[in-house]
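The values are calculated or read from the model by the stated rules, or taken from the named source; none is laboratory data. Bear in mind that the values here come from a model prediction, so they are computed numbers and not experimental data. Here the Cβ positions follow ideal geometry from the backbone for every residue, glycine too, while neighbour counts run over all protein chains shown. Just so you know, the surface numbers come from the protein's heavy atoms only, side chains and all, with ligands and any DNA or RNA stripped out. Shrake-Rupley method; radii C 1.70, N 1.55, O 1.52, S 1.80 Å.
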Amino acid sequence: MTRLRLQQLTKRYPSVTALANISLTAEPGEFLAVVGPSGSGKSTLLRLIAGLEKPSSGEIFYNEEPISHLPPQARDIGMVFQTYALYPHMTVFENLAFPLRLRRWRREAIQDQVRQVARLLELQGLLERYPRELSGGQRQRVALGRALVRSPKLFLLDEPLSNIDAQLRATMRAELAALQQNLGITTLYVTHDQAEALSLGHRVAVLSSGHLLQVAPPSELYNRPVSVTVARFIGTPPMNLFAVTANSGALQLVGTESRLPSPLQLAEGSPWLLGARAEALALRPAEGWHPLGSAQVRTVEYAGHEMLVTLRHPAAVVPPVVRLSAGTPPPQPGASIPVFLNPDSWCLFASESGERIFPP
Ligand code: ADP
């Protein structure tokens, strides 16, 4: 198995630094998701690892062997792109066999290997078909099969599920996760979809404007984002933010009489941002929860297993959203209601830099 290590990788184009000093390790067998908005440098990262472009500075290692000098074909990478170009004039069997033919495998070995991969991806019945005779999901499975047929050292996947309809995508996600687990091939999975990154990645790396903001397991990214930027990028809905000021050992919600005990010693009068996930807020009192004053109900969105209630609150930086379980009676839009905060589930960020200072 391969450990992929990027050391201070930088890529400058004449007009922009696409990647700035990226240090990142994918452990052997790890599924590492890389997420960021469009233009954050995800494709550049993949092109550098694949050897399709040269870094301006920095180095890439496989198990501590530098590989930056190697051409793409010597890097032993299986790649699957968003537009998974299958060869249209070849059957599924021939598409899967192609990478092995290139490497001059023997006929019988090719037969065996293709049949094994076809079994793994449930493509046995489709081997004689042409790509035009397959559904989107089946084509995607063939593209994955072609990437893994020769057991590469590394998988690079670039939004491989984005052209598949929503229902099939959920199934394919689960299949992909199981497949990667079985094969144990170190995988870098690039996506702009944070929900996909959270659901698939053993760890998730967040990129923004060429900078690596945080690398962490999904639950840590969700509960302890390093900054307001990550808190607002990760999660559906994003983390709620309230303006507070330090006031005699308490945090005072701006524009209200509400205060909660401060977990840290803070300069008197200094401004901070309190962050809370939608499920860390409630509209009814509970044992030990902090009252955050009253809010006005703007909208109620029913989503089957839950309800999302959007509020207006004087201290809120953006309209806060509260997640309620489906059984709860829905509040009336326009109504004024009290809001409460789970004392064990909130963050404090510096208001200027946006960096998290609590939990430490
Ligand atoms: P993403 O994949 O996250 O959308 P990219 O890696 O494609 O981001 O792009 C990162 C930044 O680098 C963008 O500002 C983009 O315009 C720039 N960029 C990408 N490729 C080139 C190139 N070949 N020449 C100049 N600028 C580029």
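When the square roots of the Cα gyration tensor eigenvalues are ordered a ≥ b ≥ c, the ratio a/c for segment 64-209 is 1.5 or more and a/b does not exceed b/c, which makes its shape oblate.
State to the nearest 20 debye the size of the charge dipole of segment 88-180 about its Cα centre, where the only charges are +1 on K and R beta carbons and -1 on D and E beta carbons.
Numbers: 16 positive and 10 negative charges, 86 e Å.
Roughly 420 debye, rounded to the nearest 20.
Kirkwood analysis of segment 1-79, using all unique Cα-Cα pairs, places the hydrodynamic radius at 12.9 Å. Counting only protein heavy atoms and using a 1.4 Å probe, the accessible area of Trp272 comes to about 40 Å². Each residue was assigned an accessible area with a 1.4 Å probe, and for Lys153 the value is about 90 Å². Computed from the C-beta positions of Ala74 and Asp165, the FRET efficiency with R₀ = 35 Å rounds to 0.40.
Straight-distance candidates among the lysines for linking to Lys42, with alpha-carbon spacing under 18 Å and chain neighbours fewer than 8 residues away dropped: Lys11, Lys54. Take every Cα pair under 8 Å whose residues are at least 6 apart in sequence, average their separation, divide by the length of segment 233-358, and the relative contact order is 29 percent. Does segment 233-358 come out rounded, prolate or oblate, given a ≥ b ≥ c as the square roots of the eigenvalues of its C-alpha gyration tensor, rounded meaning a/c under 1.5 and, failing that, prolate meaning a/b above b/c? Note, shape of segment 233-358 comes out prolate. Distance between the pseudo-spin-label points of Ile337 and Glu108 (7 Å out from Cα toward the beta carbon): 7.1 nm. Only one residue of Ser57, Val35, Ile337 has its Cα farthest out toward the positive end of the dipole of the chain, where Lys and Arg carry +1 and Asp and Glu -1 on Cβ, and that residue is Ser57.
Counting only protein heavy atoms and a probe of 1.4 Å, the accessible surface of the chain is 51% carbon and sulfur.
May I ask you to rank Val226, Val339 by accessible area, largest first, using a 1.4 Å probe over the protein chains only? Present the calculation step by step, with values, prior to reporting the outcome.
Values: Val226 55, Val339 5 Å².
Highest to lowest solvent-accessible surface, that is Val226, Val339.
Computed on segment 4-226, with alpha-carbon pairs under 8 angstrom and 6+ residues apart, the relative contact order is 30 percent. Modelled this way, with points 7 Å down the Cα-to-C-beta line, the labels at Ser209 and Ala178 are 4.3 nm from one another. Considering only Gly327, Gly293, Gly137, the Gaussian network model of the chain with Cα springs below 10 Å gives its largest mean-square fluctuation to Gly327. Of the GluC sites (Glu not before Pro) found in segment 120-200, the ones in coil according to DSSP and having at most 13 other Cβ atoms within 10 Å of their Cβ are Glu122, Glu128. What the chain shows is 47 Å² of accessible area per residue, with the surface traced by a 1.4 Å probe over protein heavy atoms.
Taking a quarter of the surface of the convex hull around the Cα atoms of the chain, what do you get in nm²?
Details: hull surface 88.0 nm².
Hull-based average projected area comes out at 22.0 nm².
Note on Ser23 and Met90: their simple-model spin labels are 4.2 nm apart, each label 7 Å out from Cα toward Cβ. Among Glu287, Glu279, Glu268, Glu301, the order of accessible area from largest down is Glu287, Glu268, Glu301, Glu279, computed with a 1.4 Å probe on protein heavy atoms.
For segment 289-360, the Cα gyration tensor yields ellipsoid semi-axes of 25, 14, 12 Å (square root of five times each eigenvalue, largest first, whole Å).
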